[in-house]
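Structure, as structure tokens:
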Amino acid sequence: MKCIHPPDQSVSSPAVSGVRLLLAFAIAIGLITLVGCASRFDLLATPPGLAPKLPQAKHPKKQVPPTPRKRSAPRDCRDLGEPQGPYHLAMFRLINDYRSKKGLTKLRYSRSLELAANRYAERMCREDFFSHNGPDGSVPGDRAVNAGYCDPIVGENIAYGMNKMGSAAEAMMSLMDSPHHDENMRLKRWRYAGMGFYKFKSHKGTEYWWVQLFGMDVPDNAILPAQKRPRGKGRKSPPNRRRRSR
């Protein structure tokens with residue numbers, strides 16, 4: 001029996017070699033195409049909103065030292081300055097001229113005392129009373145401290161006139177004619193003063209209300225609390241009457 005041997009696969013015929021070359025060439029073309037597609041995909045622009053946020057380098061902030069706060073100086077409770085208006089100025093000048101003639105120290109003007117004096121002059125007019133004690137039981141020292149002054153020990157002169165005492169000179173003469181008021185203006189212990197004035201016109205005429213407040217020497221920037229005084233049955237209401245001066 002004749003045996004037929006298959007062709008040796010290790011031996012290549014020209015046709016087989018050509019097929020192999022074509023197959024290898026096709027595989028190479030495919031790989032190049034895949035690489036090219038991958039490269040084109042990487043170069044496409046990413047749609048807005050889908051791009052990953054890459055961390056950006058942060059620039060160090062400039063260290064600016066904080067501005068130091070300016071500390072306001074403590075308020076001087078005397079609030080030294082000029083009188084509020086012409087009536088206040090005229091009365092203050094008359095008092096200092098009077099003290100100078102008596103060989104006494106001139107006073108310095110306290111707008112805290114002026115505030116207390118102005119308030120009380122208006123209050124006496126509106127509530128229709130004339131007294132050193134207020135309807136609420138307050139005394140001159142209470143009113144001075146409530147206005148910002150730093151010492152409850154003060155002196156007070158008050159004067160009132162209907163159609164008279166419309167000038168500081170006329171009111172000053174009235175106070176000088178009263179021994180107690182005159183003595184109050186000449187006390188050596190006073191160092192500060194504040195004037196109060198209020199004018200009111202009615203069908204009867206024009207009312208003029210004057211208040212003088214005097215204070216002793218106090219430390220700079222001193223602040224003293226207002227003194228609490230008893231109220232109620234133990235306090236008498238001021239008389240509802242008017243006099244020429246008190």
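The values are calculated or read from the model by the stated rules, or taken from the named source; none is laboratory data. Values in this document were obtained by computation on a predicted structure and should not be read as measured data. Cβ: placed from backbone, ideal geometry, glycine included. Neighbour counts: every protein chain shown. The protein model used for the area step is the full one, side chains on, heavy atoms only, and it has no ligands, DNA or RNA in it. Shrake-Rupley method; radii C 1.70, N 1.55, O 1.52, S 1.80 Å.
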Out of curiosity, is GLU82 modelled with pLDDT of 95 or more, acidic (Asp, Glu) and under 25 Å from the mean Cα position of the chain (by Cα)? no
Looking at the stretch 112-222, what strands (runs of 3 or more DSSP E) fall wholly within it and have at least 3 residues that are open to solvent by less than 20 Å² (accessible area, probe 1.4 Å), modelled with pLDDT of 95 or more and polar (S, T, N, Q)? none
When you scan the stretch 149-169, do you find a residue that is under 14 Å from TYR87 (Cβ atoms) and out of contact with any strand residue (DSSP E or B) (no Cβ under 9 Å at 6 or more places or on another chain), even just one? yes
Residue list for the stretch 94-111, restricted to those being open to solvent by less than 80 Å² (accessible area, probe 1.4 Å) and in contact (Cβ under 8 Å) with a residue 60 or more places away in the chain: LEU94, ILE95, TYR98, ARG99, LEU104, THR105, LEU107, TYR109, SER110
